[in-house]
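Contents: one structure, followed by commentary.
The values are calculated or read from the model by the stated rules, or taken from the named source; none is laboratory data. Everything quoted here is computed from the prediction, not taken from an experiment. Positions of Cβ are generated from backbone atoms using ideal geometry, with glycine treated the same way; all protein chains shown enter the neighbour counts.
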Amino acid sequence: MERIRFEWGPAGAAAIAPGAEVVAVVDVLSFTTTLTVAVERGIRVLPSRWGDAQAAELARRHGATLAVGRSRATQPGQVSLSPASILRSEGIERLVLPSPNGSAIAAGLASTGVTVIGVSLRNAAAAAVWVGGRTVAVVAAGERWPDGTLRPAVEDLWGAGAFVSALRDRQCSVEARSALVAYENVGDLDLALRGCVSGRELIDQGFGGDVAVAGEVGASAVVPVLADGWFVAAGPGGQGR
C-alpha cells in the first residue's frame with residue numbers, strides 16, 4: 001500500500017486527501033513559508049481564499065490582522081504574504097493569511113476532518129518527524145497561469161521532495177518518489193530558487209528577501225497544524241497546541 005502520495009493543486013488535494021491521516025500542503029513561494037515564520041513567532045493563522053470578500057470580515061470577526069497583497073503593504077507595520085513582512089512585524093497574535101494557492105487549498109480542507117499541516121523547505125524535516133508513521137497526502141500548491149489554470153511550480157516540487165526525502169523509509173507512490181528525486185538532484189538550491197520562474201518574479205518585484213527566507217532549509221522546528229480552523233504550532237501526539 002502506498003503510504004505517501006503526491007499530487008498538485010486543489011483538484012489533486014481532493015483526489016488524495018480521502019483516506020490519508022495527514023495532508024501536507026506545500027507552497028514554498030510563499031504561503032507555507034510565511035505560515036511557518038508566523039507560527040514560529042507565536043501567531044495563529046487563519047487560511048483564506050485569495051480575493052475572498054469574506055477575508056476582511058473574518059479578520060474583523062476574530063480580531064485578527066488581515067495580510068494584504070505584497071504591493072499593498074506600503075504602511076509601516078503592514079503584513080502581507082511576504083515572510084519578510086512577518087519577520088518585521090510586532091504585536092500580532094492572530095492573522096488571516098489569504099493566498100490563491102496554498103492558503104486556498106488549506107481553507108478548502110479545513111472542514112473535511114483531515115489533519116492538515118503546512119510544509120516548506122524551512123520545516124520539511126521537522127514535519128516528517130511529527131508525521132511519523134501515518135499515511136500522508138502531499139499536495140504541491142503550484143501557481144496560476146493568467147487564465148486561472150494550474151501552473152506546476154518547481155519550487156513546490158522541491159519542497160514536497162524535501163518532505164518525502166525525510167520520510168524515505170515509507171512506501172511512496174511513483175509521483176512522490178519523483179518529487180524526492182527532483183529535490184535530491186536540484187544541486188545548488190539557493191541558485192535554483194532564484195532562477196525559477198516564481199523566484200525571478202519575486203526578485204523582479206523587489207522581494208528577493210522572500211526567496212532567501214524560503215531557501216533556509218531546515219531552519220525551523222515548528223510544524224503548523226490546522227486546528228479548529230487555525231494553524232498553530234503542532235504539539236506532541238499529533239495535536240495542535
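What to note about this one:
- Within region 136-171, the set of residues being among the acidic types (Asp, Glu) and either in contact (Cβ under 8 Å) with a residue 24 or more places away in the chain or not in a loop (DSSP other than H, G, I, E, B) (or both) comprises 143, 155, 156.
- Looking only at residues in region 58-76 that are of a type in the set (S, T, N, Q) and surrounded by fewer than 17 Cβ atoms within 10 Å (Cβ to Cβ), the one that is farthest from residue 99 (Cα to Cα) is 75.
- Taken over region 145-166, the criterion of being touching a strand residue (DSSP E or B) at 6+ places or on another chain (Cβ under 6 Å), surrounded by fewer than 20 Cβ atoms within 10 Å (Cβ to Cβ) and of a type in the set (D, E, K, R) is satisfied by 151 alone.
- Of the residues 169, 190, the single one that is surrounded by fewer than 17 Cβ atoms within 10 Å (Cβ to Cβ), more than 16 Å from residue 120 (Cβ to Cβ) and of a type outside the set (A, V, I, L, M, F, W, C) is 169.
Rundown of residues vs (1) in contact with a helix residue (DSSP H, G or I) (Cβ under 9 Å, 6 or more places away or on another chain); (2) within 16 Å of residue 233 (Cα to Cα); (3) free of Cβ contacts under 8 Å to residues at least 12 places away in the same chain, yes/no style:
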{"site": "7", "(1), (2), (3)": "yes, no, no"}
{"site": "41", "(1), (2), (3)": "yes, yes, no"}
{"site": "50", "(1), (2), (3)": "yes, no, no"}
{"site": "53", "(1), (2), (3)": "no, no, yes"}
{"site": "64", "(1), (2), (3)": "yes, no, no"}
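- Within region 192-209, residues that are farther than 17 Å from residue 84 by Cα reach partners that are part of a helix (DSSP H, G or I) and aromatic (Phe, Trp, Tyr) with beta carbons closer than 9 Å, at six or more positions or on different chains, in the pairs 192/158; 196/158.
- Considering region 195-227, and only residues there that are out of contact with any helix residue (DSSP H, G or I) (no Cβ under 6 Å at 6 or more places or on another chain) and charged (D, E, K, R), the residue that is surrounded by the fewest Cβ atoms within 10 Å (Cβ to Cβ) turns out to be 204.
- Residue match in region 124-145 (condition: β-branched (Val, Ile, Thr), under 13 Å from the mean Cα position of the chain (by Cα) and over 15 Å from residue 232 (Cα atoms)): yes
- Residue list for region 183-212, restricted to those being within 13 Å of residue 155 (Cα to Cα), part of a helix (DSSP H, G or I) and either of a type in the set (Val, Ile, Thr) or at pLDDT below 95 (or both): 197, 211
- Residues that are in contact with an Asp or Glu (Cβ under 8 Å, 6 or more places away or on another chain), surrounded by fewer than 24 Cβ atoms within 10 Å (Cβ to Cβ) and in contact (Cβ under 8 Å) with a residue 24 or more places away in the chain do occur in region 115-131, at least one of them.
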